[in-house]
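As structure tokens, the structure follows; a few thoughts come after it.
The values are calculated or read from the model by the stated rules, or taken from the named source; none is laboratory data. Predicted, not measured: the structure shown is a model, and the values here were computed from it. Reconstructed Cβ throughout: ideal geometry from the backbone, glycine too, with neighbour counts over all protein chains shown. To get the accessible areas, we keep the full protein, side chains included, count just its heavy atoms, and leave off ligands, DNA and RNA. Shrake-Rupley method; radii C 1.70, N 1.55, O 1.52, S 1.80 Å.
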Amino acid sequence: MIGLPWPSSWEALRIDVPALKADGEPLEDAFSLPVPLLSHWGLDYRFPQPVAFRVRASRQGERILVEVGMKGVLVVPCSRCLAPASASMEGEGEFAFRLGPEGRQESEDEDGEDAPQEDVQELDAWADRVELAPLFWEVLVTALPSGVLCKEDCRGLCPHCGADRNVQSCQCEEGSVDPRLEALRRALDADEEFQRREGK
Ligand SMILES: [Zn+2]
Ligand SMILES: [Zn+2]
């Protein structure tokens, strides 16, 4: 589970277990949720409009399966020039739950010792709800795109002087020094300078 907090307004989102008939019709629901600024991977993601979530929950005996789908639009700094770049995002996830100790025993008999370990979350026998906030949050954060560009052919920032090459050209010679080598050279110079001052 992802260790970021979800909006507190999401706490009320849940599936009522008693409403889920065993082997009955699945429950479906849809939500349109505002998402506040989200910082992830060192980037600030903004959501200019509410993110759409849909959920489908079904129950088979003591097992509950919750399927989540998500669709939204976000704005994040362009990975080349840092200007705001917009992208659409989609994601989905499946979450399995098992109710109570009875269900567990039954299932151990079925699966046997060597059964592959399924990622099933246990619910207390008396649990009356499945919280949706952590599920929605996981689907959202997992789907955050990286490397978003403001436009396909964004020319990015000059690695030498930082000029935005989309709006201006600079005097720096194209490809004169590989910026990675340049950084290394500067680090070595600084090291030499340090050693000289230390008198070594
Ligand atoms: Zn750009
Ligand atoms: Zn430049």
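Residues in the range 131-162 that are touching a residue at least 60 places away in the same chain (Cβ under 8 Å), within 14 Å of ligand 1 (Cβ to nearest atom) and open to solvent by less than 70 Å² (accessible area, probe 1.4 Å): 7 in all. So in the range 22-37, with the set limited to residues that are in contact with a Lys or Arg (Cβ under 8 Å, 6 or more places away or on another chain) and not acidic (Asp, Glu), which one is farthest from residue 99 (Cα to Cα)? Only one residue tops the list, namely 37. I'm checking my understanding of the structure. Among residues of the range 41-74 that are open to solvent by 40 Å² or more (accessible area, probe 1.4 Å) and in contact with a Pro (Cβ under 6 Å, 6 or more places away or on another chain), which one is nearest to residue 130 (Cα to Cα)? The qualifying residue nearest to residue 130 (Cα to Cα) is 56. Restricting attention to the range 1-21, the residues being under 18 Å from residue 123 (Cβ atoms) and loosely packed, with under 12 Cβ neighbours inside 10 Å number 5. Residue 32 fulfils the conditions (1) among the small types (Gly, Ala, Ser); (2) surrounded by 12 or more Cβ atoms within 10 Å (Cβ to Cβ); (3) touching a residue at least 12 places away in the same chain (Cβ under 8 Å) except for a single criterion, (2).
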